[in-house]
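Let me begin by presenting the structure, written as structure tokens, before commenting on it.
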Amino acid sequence: MGNASNPITSQNSGLSSVGNVDTKTADIDFIMTVLESQTRRTKHLDVAVSAQMREMKMNNAKTASTNALLSELRGLNNCVRKHDKGKDGGMDDKYKTDGKVIPPKDPTANDFKEKIKVLCSELNISFTDKNPGELEVMIQNVKSTLDGLSNDQQMHMTRLQNLMSKRNECFDTMTNTLRKIQEQKDRMIAHIS
């Protein structure tokens with residue numbers, strides 16, 4: 001069943017018709033049925049718009065958490081690099097390491113690790129704080145996740161725009177139908193007078 005044969009959902013640009021409903025010849029019961037159908041359709045679209053907006057909010061929250069995780073991972077990675085005794089400037093450091101472990105006694109690194117653990121638990125991501133090499137891999141994986149979330153956000157926005165467009169079409173159809181009914185009533189009254 002296509003939209004072209006459905007008088008409720010199809011659009012026709014004729015001045016005296018709404019969808020396939022000719023307001024000049026259609027009886028009032030049929031016109032009211034069309035209006036009721038458009039009202040129901042609008043309500044269904046309102047529910048769909050609300051659901052889409054909830055999905056977008058969840059996606060935004062996940063994106064914010066993932067961005068925070070990326071920031072904390074980069075901070076921890078910088079901490080590891082700073083304390084690597086193989087690098088310049090790390091030789092006098094009291095938290096120096098061989099670059100193969102995350103400094104266990106550095107309070108800054110520990111702060112990063114605690115924040116990362118909380119964010120990872122929110123996002124259902126496993127985190128081991130033993131190997132700095134895994135940090136680089138995790139940073140790349142989180143960047144990929146952010147790219148995916150960005151793509152999802154674009155899809156959500158496209159769906160929302162589509163739903164809003166359909167919702168606006170319903171309101172236009174109802175408004176045009178009511179206006180044409182009123183014009184016909186005005187003409188009838190003018191002919192009687």
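The values are calculated or read from the model by the stated rules, or taken from the named source; none is laboratory data. Since the structure is predicted, the reported quantities are computational estimates derived from the model, not experimental observations. All Cβ positions, even for glycine, are placed from backbone atoms using ideal geometry, and neighbour counts span all protein chains on display. Calculation scope for accessible area: heavy atoms of the full protein, side chains included, ligands and nucleic acids excluded. Shrake-Rupley method; radii C 1.70, N 1.55, O 1.52, S 1.80 Å.
Going through segment 125-160 one residue at a time, which ones are closer than 19 Å to Lys115 by Cα and hydroxyl-bearing (Ser, Thr, Tyr)?
Matches in segment 125-160: Ser126, Thr128, Thr145.
So that you can scan it fast, the table gives a plain yes or no per residue for (1) in a helix (DSSP H, G or I); (2) free of Cβ contacts under 8 Å to residues at least 24 places away in the same chain; (3) loosely packed, with under 14 Cβ neighbours inside 10 Å:
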| site | (1), (2), (3) |
| --- | --- |
| Asp111 | yes, yes, no |
| Phe127 | no, yes, no |
| Gln153 | yes, no, no |
| Arg159 | yes, no, no |
| Asp186 | yes, yes, yes |
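Can you pull out the residues in segment 50-77 that are acidic (Asp, Glu) and crowded, with 17+ Cβ neighbours inside 10 Å?
Glu72, the sole residue that qualifies.
For Thr175, which of the numbered conditions (1) of a type in the set (Ser, Thr, Tyr); (2) open to solvent by less than 70 Å² (accessible area, probe 1.4 Å); (3) closer than 30 Å to Asp27 by Cβ fails to hold?
(2)
For Lys85, work out the one condition from (1) open to solvent by 90 Å² or more (accessible area, probe 1.4 Å); (2) at pLDDT 75 or above it doesn't fulfil.
(2)
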